[in-house]
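Working notes for the structure below.
The values are calculated or read from the model by the stated rules, or taken from the named source; none is laboratory data. The structure displayed is predicted, hence computed values, not measured ones. All Cβ positions, glycine included, derive from the backbone under ideal geometry; neighbour counts span all protein chains shown. For the accessible areas, the whole protein counts, side chains as well, though only heavy atoms, and no ligand, DNA or RNA atoms are used. Shrake-Rupley method; radii C 1.70, N 1.55, O 1.52, S 1.80 Å.
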Amino acid sequence: MTVVLLTTVSAAGYNFAYTLPAIMSIYLLVNAFSSNMGPIGDALILPIIKRHNLDYGSSRLWGSVSIVFLAFFTGQVVGLISIDWVILILICAYASILLVIAPIQVEPRVTTAGARSNFFSALKETRFRLLVCSAGVCQASHAFMYSYGSLYWLSHGLTPQVVGALWSLGVISEVAVFSLSKRYLKALSPEWKVTLACMTAVIRWLLLGAFPNLAAAIVVQALQGGTLALTQIGVAEYINQRVHQSNVASATTTYAFFSYAILMATATYFGGLLYSIEKAAVFMMAAGWCAFGFTAAVLNIRRQRTFVQNQ
């Protein structure tokens with residue numbers, strides 16, 4: 001709750017920022033706080049989901065639905081109102097999160113004798129390291145798409161309206177996978193879900209790099225649920241099923257740190273270097289990343305089987 005409050009207060013600073021350095025400072029401050037919402041939220045929610053036998057995908061799909069709603073709403077009004085009102089909408093959006101999380105009862109932290117959890121304690125487990133190398137890499141590969149996908153399509157003749165529709169299609173694909181995963185993918189273990197996501201990502205990025213036309217773009221975006229959503233479901237289930245409750249916070253924050261901070265930043269940087277040389281090569285690199293992730297995911301399946309046999 002403190003993080004959300006600090007984010008809201010920081011966003012209010014935009015009202016007093018009139019120069020580029022001031023705006024950039026507020027932007028960095030807001031992102032420094034807001035980037036922690038996801039990991040902290042998962043650390044709080046995953047134990048509740050496990051305790052009450054809830055479905056992560058059915059809960060998470062509302063995040064994707066909200067993206068569609070906010071994107072449509074802000075897109076309609078941002079050109080009709082002043083920047084002051086836009087800032088107010090941003091502040092209200094953050095403040096509304098406070099109202100949502102206030103009633104949540106935090107699960108009591110479980111510890112065992114002699115057990116201590118710190119930021120990197122989850123990395124002591126080989127299987128978790130393989131999770132980071134598979135799911136983390138697959139998730140981070142989306143940075144290539146987020147940073148250069150629109151530019152790539154626009155450079156090949158697609159209109160801004162079409163590109164916007166393609167992004168909406170990707171979110172719709174996420175919602176479909178989140179809502180249907182429990183019914184149709186229940187038999188798959190978390191390791192297999194991550195493996196399937198990595199394999200889908202290899203196909204998706206190769207297709208994007210090789211065929212920059214509209215027909216291929218539709219297929220590429222239809223596969224987003226199989227890469228982004230399936231990875232998130234696999235990670236959530238892995239942490240709930242394989243990680244001791246005392247290490248859930250460590251696992252969620254460590255995974256987020258490597259996948260969203262380190263690996264995504266690396267992808268964005270090297271993607272920029274490649275894009276200036278050969279546009280399609282960016283997505284071939286993304287496919288290579290996910291091929292590595294696929295290998296790590298397969299190794300994790302074997303590790304899990306060995307672990308179960310030794311129990």
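For the range 255-274, the set of residues classified as among the aromatic types (Phe, Trp, Tyr) and open to solvent by 40 Å² or more (accessible area, probe 1.4 Å) consists of PHE257, PHE258, TYR260, TYR269, PHE270, listed by residue number. Filtered by the rule that a residue be closer than 24 Å to ALA187 by Cβ, open to solvent by 10 Å² or more (accessible area, probe 1.4 Å) and either part of a helix (DSSP H, G or I) or out of contact with any helix residue (DSSP H, G or I) (no Cβ under 8 Å at 6 or more places or on another chain) (or both), the range 237-254 gives GLU237, ASN240, GLN241, ARG242.
The set of residues from the range 255-299 being within 23 Å of PRO190 (Cβ to Cβ) and at pLDDT below 95 comprises TYR255, ALA256, PHE257, PHE258, SER259, TYR260, ALA261, ILE262, LEU263, MET264. Within the range 140-157, restricting attention to residues that are assigned to a helix (DSSP H, G or I) and polar (S, T, N, Q), the residue that is surrounded by the fewest Cβ atoms within 10 Å (Cβ to Cβ) is SER155. Restricting LEU208, LEU214, LEU228 to those that are over 17 Å from the mean Cα position of the chain (by Cα) and crowded, with 19+ Cβ neighbours inside 10 Å reduces the list to LEU208. Checked against (1) buried (at least 17 other Cβ atoms within 10 Å of the Cβ); (2) over 30 Å from THR306 (Cα atoms), GLY164 passes all but condition (1). Scanning the range 42-63 for residues that are open to solvent by less than 30 Å² (accessible area, probe 1.4 Å) and at pLDDT below 70 gives a single hit, ALA43.
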